[in-house]
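Peer 1: One structure follows; several queries about it will come next.
The values are calculated or read from the model by the stated rules, or taken from the named source; none is laboratory data. Given the structure is predicted, the values throughout are model-derived calculations rather than measurements. With ideal geometry, Cβ positions are generated from the backbone for all residues, glycine too; neighbour counts draw on all protein chains shown. The area values use the complete protein model at the heavy-atom level, side chains included, leaving out ligands, DNA and RNA. Shrake-Rupley method; radii C 1.70, N 1.55, O 1.52, S 1.80 Å.
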Amino acid sequence: PGDRFDKAMYYIELDYTPYAYYSIKDGAKRYEKFTSPTFYLRYNEGFSSWQTNNSKYRKVQFAITQSVTINEFNRFIYLINGGSFIGSKNNLHFTDYQHFSTSDVMINLKSPFTSFMLLDNYSASTNKHWMSSMLNYNSNHLLIKRIPYFQRKMFTESIHLKNLYTPDMKIYTEAGYSLNLTPLLNVGAFVSFRKAKYQDWGIRLLLDWATVKRIF
């Protein structure tokens, strides 16, 4: 049928952190501190060839990420990612497009640090090339925590600035402010722009599903 296809693929990934400090506990290496960015390079290829409706593609992407401790109360976290499909795309299926973490609903399971809060699912998906940046500033004393009543409360504040470029969508920008109420729960307000023109705004209640999975 036209809505079915076969797929065989592989990927090769290289992760490199130039300055990573670790200790040995019970004969196992445990990383304690990273003082440099981590670099990622990944190559994907779909190569199935034993059916007529095959999934074939080649994709290369890179990323740079780091969490920078400014002082005891402030931290800067960034993630830069880019990539491109190379060669023929005649047999590239939508499931193999480059998809991005998005969730345009008020209550969701995404992280405001690594997701676009005001984009519909798959609205930015591309089979061409892309570049994204996610900049996050986290602080124990930013805005609300400067009010005396809240200074002893156990939450932190964050400012988010995220950008995404694809040939079809052009430049999309999202800015936000959030309260990290617990390691799992976050609430924030976000605003978005398309090619520097206002597009949308929204309030989000977020349960970080990645953290939940690590716990359980």
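Peer 1: Return the residue satisfying two criteria in turn: it lies in segment 144-191 and is basic (Lys, Arg), over 22 Å from LEU207 (Cα atoms) and not in a strand (DSSP E or B), and of such residues it is modelled with the highest pLDDT.
Peer 2: ARG146
Peer 1: Does LEU92 satisfy being of a type in the set (A, V, I, L, M) and modelled with pLDDT under 90?
Peer 2: yes
Peer 1: So HIS141 clears everything in (1) open to solvent by 10 Å² or more (accessible area, probe 1.4 Å); (2) more than 30 Å from GLU45 (Cα to Cα); (3) assigned to a strand (DSSP E or B) except one condition, right? Which one?
Peer 2: In the conditions (1) open to solvent by 10 Å² or more (accessible area, probe 1.4 Å); (2) more than 30 Å from GLU45 (Cα to Cα); (3) assigned to a strand (DSSP E or B), HIS141 misses (3) alone.
Peer 1: Would a scan of segment 51-62 turn up a residue that is open to solvent by 40 Å² or more (accessible area, probe 1.4 Å) and of a type in the set (Val, Ile, Thr)? Walk me through how you get there before you give the answer.
Peer 2: Step one: of segment 51-62, the residues open to solvent by 40 Å² or more (accessible area, probe 1.4 Å) are 51-53, 56, 58, 60, 62.
If we keep only those that are of a type in the set (Val, Ile, Thr) too, we end up with 52, 60.
Checked against the condition, which is being open to solvent by 40 Å² or more (accessible area, probe 1.4 Å) and of a type in the set (Val, Ile, Thr), segment 51-62 yields at least one hit.
Peer 1: Take segment 1-38 and flag every residue that is modelled with pLDDT under 85, surrounded by 13 or more Cβ atoms within 10 Å (Cβ to Cβ) and in a loop (DSSP other than H, G, I, E, B).
Peer 2: Within segment 1-38, PHE5, LYS7, ALA8 qualify.
Peer 1: For ILE171, state whether it is farther than 27 Å from LEU92 by Cα, β-branched (Val, Ile, Thr) and either surrounded by fewer than 20 Cβ atoms within 10 Å (Cβ to Cβ) or over 15 Å from the mean Cα position of the chain (by Cα) (or both).
Peer 2: Details: farther than 27 Å from LEU92 by Cα: no; β-branched (Val, Ile, Thr): yes; either surrounded by fewer than 20 Cβ atoms within 10 Å (Cβ to Cβ) or over 15 Å from the mean Cα position of the chain (by Cα) (or both): yes.
Taking the combined requirement at face value, the residue does not satisfy it.
Peer 1: Hey, can you tell me all the residues within segment 110-134 that are in a strand (DSSP E or B), among the hydrophobic types (A, V, I, L, M, F, W, C) and over 11 Å from the mean Cα position of the chain (by Cα)?
Peer 2: Across segment 110-134, the qualifying residues are TRP130, MET131.
Peer 1: Please verify whether segment 72-88 includes one or more residues that are surrounded by 15 or more Cβ atoms within 10 Å (Cβ to Cβ), β-branched (Val, Ile, Thr) and either in contact (Cβ under 8 Å) with a residue 12 or more places away in the chain or under 20 Å from ARG194 (Cβ atoms) (or both).
Peer 2: yes
Peer 1: Answer yes or no as to whether GLU45 is at pLDDT below 75, under 25 Å from the mean Cα position of the chain (by Cα) and part of a strand (DSSP E or B). Give the derivation first.
Peer 2: Values: at pLDDT below 75: no; under 25 Å from the mean Cα position of the chain (by Cα): yes; part of a strand (DSSP E or B): yes.
No; evaluated as a whole, the condition is false for this residue.
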